1. Looking at the range 18-32, I want the residues that are within 15 Å of Ile56 (Cα to Cα) and have a partner that is of a type in the set (D, E, K, R) and outside any loop (DSSP other than H, G, I, E, B) with Cβ atoms under 7 Å, at least 6 apart or on another chain. Which pairs are those?
2. Six or more apart or on different chains, Cβ under 8 Å: which pairs go from a residue in the range 119-142 that's in contact (Cβ under 8 Å) with a residue 12 or more places away in the chain to one that's hydroxyl-bearing (Ser, Thr, Tyr) and assigned to a loop (DSSP other than H, G, I, E, B)? Could you list them?
3. Take the range 249-279 and flag every residue that is at pLDDT 85 or above and under 25 Å from Arg121 (Cβ atoms).
4. I need the full set of residues from the range 193-212 which are farther than 16 Å from Pro268 by Cα and surrounded by fewer than 16 Cβ atoms within 10 Å (Cβ to Cβ), in order please.
5. Tally up the residues in the range 117-145 that are under 12 Å from the mean Cα position of the chain (by Cα) and either at pLDDT 95 or above or part of a helix (DSSP H, G or I) (or both), please.
6. Pairs, please: C-beta under 6 Å, at least 6 apart or cross-chain, first residue farther than 23 Å from Ala252 by Cβ and in contact (Cβ under 8 Å) with a residue 12 or more places away in the chain and in the range 160-188, second loosely packed, with under 14 Cβ neighbours inside 10 Å and among the β-branched types (Val, Ile, Thr)?
7. Restricting to the range 148-195, count the residues that are farther than 17 Å from Gly241 by Cβ and assigned to a strand (DSSP E or B).
Amino acid sequence: MIDARLKHVVAAARRGSFTAAAQAIGVTQSAVTKSIGELERQIGYPIFHRTPRGAILTEQGRDFFERAVRLLEDARDLLREPDGQEDPYAGVLRIGVCPASLEWRLVEPITALITRRPSIRFDISGASFERMAQQLRNGAVDVALGFEDAFSDHADFERQPLASLDTAIFVRRGHPLLEAISPTAADLARYDYVTPSDSRPYGTRIRDLYESQGIDSRSRIHVVDYFPLVKRIVANSNAVGVVAAQYTRTAAFQKRFAVVEVVSRFPPASLCCAVRAKREPTPAVRAFLSACQVSLSPRAAVPA
């Protein structure tokens, strides 16, 4: 019922070569090469870059692969014979996080779910908002955790509001900004900024900071969604970073960094879980949403 070429694409993407894919599937390498080539001609764009070291997904190919994986798994679930006792929570729950640096917010809900619904298998991935929204639309992820501001303009998603994230601007110890009593936007705009996301809410506010001073923001912003690297950049330069307020109270932070008390600080940013509006959530998705509501609801969670 499902086009075998989708299986060939998935196998090649996961194993990195047409030869390895053929061995895994049990067909010849030429059969995989031919079927993928026919598929690429049909859809009108290349799925893979062919290199001496193997096959690498193109940008469009990555989207195709993610959707093919979902189609194959949906088909397998659809054709599974019911036995009357099947666990509705069994299977893989794909959770997207945007930006990926928010993954720490999943510790409590995932821990609760592992205890409450042990048959759920988790597949957690992080990406930019734009890429995660695309993955949510095409079914590559089942639910996404991110900033409500970023999802609010998209009518094809339903959102469950969660706690707000309180953040602070931070710099290395000895930074020139720390000499000012109340640094202004003009003071901040003198330095590069490291942000975990170029989307709302932070991306827009940081771009406005530079544009208000007549500075091209593209020349001053680093988008880095890996906090250990953010810390390294801030510690070894005059760049300014953004950090969860909760972390600023730790000894590890205070040893190397300091919070900049600016005139106009970022307001708390509301988090949410988003799902596709026209698709009924699975029991596993509903269980995850419930766990997040308990652990990360505005009432239950302490701003971090």
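1. Ala21/Arg15
2. Ser119/Tyr89; Ile120/Tyr89; Ser128/Ser197; Ser128/Ser199; Phe129/Ser197; Phe129/Ser199; Glu130/Ser199; Asp142/Thr282
3. Leu271, Cys272, Cys273, Ala274, Val275, Arg276, listed by residue number.
4. Going through the range 193-212, the residues farther than 16 Å from Pro268 by Cα turn out to be 193-194, 198, 207-212.
The answer is Asp208, Glu211, Ser212.
5. 11
6. Qualifying pairs under 6 Å: Ser182/Val263; Thr184/Val263.
7. So the first thing to find is which residues in the range 148-195 are farther than 17 Å from Gly241 by Cβ, and the list is 148-164, 179-182, 184, 186.
Narrowing further to those that are assigned to a strand (DSSP E or B): 157-164.
Number of matching residues: 8.
Rundown of residues vs (1) in contact with a Phe, Trp or Tyr (Cβ under 8 Å, 6 or more places away or on another chain); (2) exposed (fewer than 14 other Cβ atoms within 10 Å of the Cβ), yes/no style:
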site: Asp153; (1), (2): no, yes
site: Glu158; (1), (2): no, no
site: Pro161; (1), (2): no, no
site: Thr167; (1), (2): yes, no
site: Val171; (1), (2): yes, no
site: Ser182; (1), (2): no, yes
site: Ala185; (1), (2): no, no
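The values are calculated or read from the model by the stated rules, or taken from the named source; none is laboratory data. Being a predicted model, the structure only gives us computed values, none of them experimental. Don't worry about glycine lacking a Cβ; one is built from the backbone with ideal geometry, like all the others, and counts go over all protein chains shown.
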